[in-house]
Amino acid sequence: MEKKDGLIILIEGAIITALAQALNYIPHSVGASSIEVVYGLVPMVIFALRRGLKPGLTAGLVWGILDLILRGFSSGGFLNPLQGFIEYPIAFAAIGLAGIGSTRVKEKIQEGKSTFFVILIYSTIGFFAKYFLHFIAGGIYWGLYAPKNMNPWIYSLVINGGSFLANLIMLSIILVFLNRFINRIIKV
Ligand code: 218
């Protein structure tokens, strides 16, 4: 890789991170629940698949720090330093795990085959890692918000498992709309 390529990846990552954060200002809770649809997850996993694991993890990490500063402290998403660390920098970085599928997706593009399911599978890995961390944090720290008599871990499973599924559905729908362009977006 040339020095120039690294700079282009860095700039691309900065633009994707800014876009992902801007999308966080579109209302995204499901009904009155704490289940959330995070539109920025889509550009983030696409970036991870396009540029690979390390850029994906890094962009996620920066997004997490940005969201903590811009929204976390003021929205009540930050409860204490360890919880904040797990649910923002770490959980957001975990989205970048989708990048382990970068080579596989590009092989599919090269073979002229559909990339829909490979993109979905590797995005699922990133989404799952993120919401698994929120699930753990939820069971430990968010039990107070559970309906009376509901076990905190069940509550956390409903909210974070629900968010995980809601985001997978949202991604699938957007992938259908992006069908004609997605390979050109991922191919470098
Ligand atoms: C049950 C429960 N409620 C709330 C949270 C906190 N949480 C969940 C998902 C995503 C984020 C990051 C900001 O979008 C946060 C802080 C939880 N873990 N569990």
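Things worth noting here:
- Qualifying GluC sites (Glu not before Pro) in the stretch 1-59, where qualification requires a DSSP coil assignment and no more than 12 other C-beta atoms within 10 Å, comprise Glu2.
- Remark on Glu36: its backbone amide H falls under 5 Å from those of Val30, Ser163, a criterion applied only to residues 5 or more positions apart or on other chains, H modelled at 1.01 Å from N.
- For the chain, the residue among Phe135, Ile65, Gly6 whose Cα projects farthest onto the positive side of the dipole built from Cβ charges is Gly6.
- Chymotrypsin sites (Phe, Trp or Tyr not before Pro), loop per DSSP, at most 15 other Cβ atoms within 10 Å - longest free stretch of the chain: 26-180
- Euclidean distance of C-alpha centroids, the stretch 29-61 and the stretch 143-188, integer Å: 10 Å
- Put a plus charge on the Cβ of each Lys and Arg, a minus charge on the Cβ of each Asp and Glu, and nothing anywhere else: the dipole of the chain about its Cα centre is then about 480 debye.
Here, each number is a calculation from the coordinates, and none is a lab measurement. As the structure is a computational prediction, the values presented were derived from the model and not from experiment. Glycine also receives a Cβ, built like all others from the backbone with ideal geometry; neighbour counts cover every protein chain displayed.
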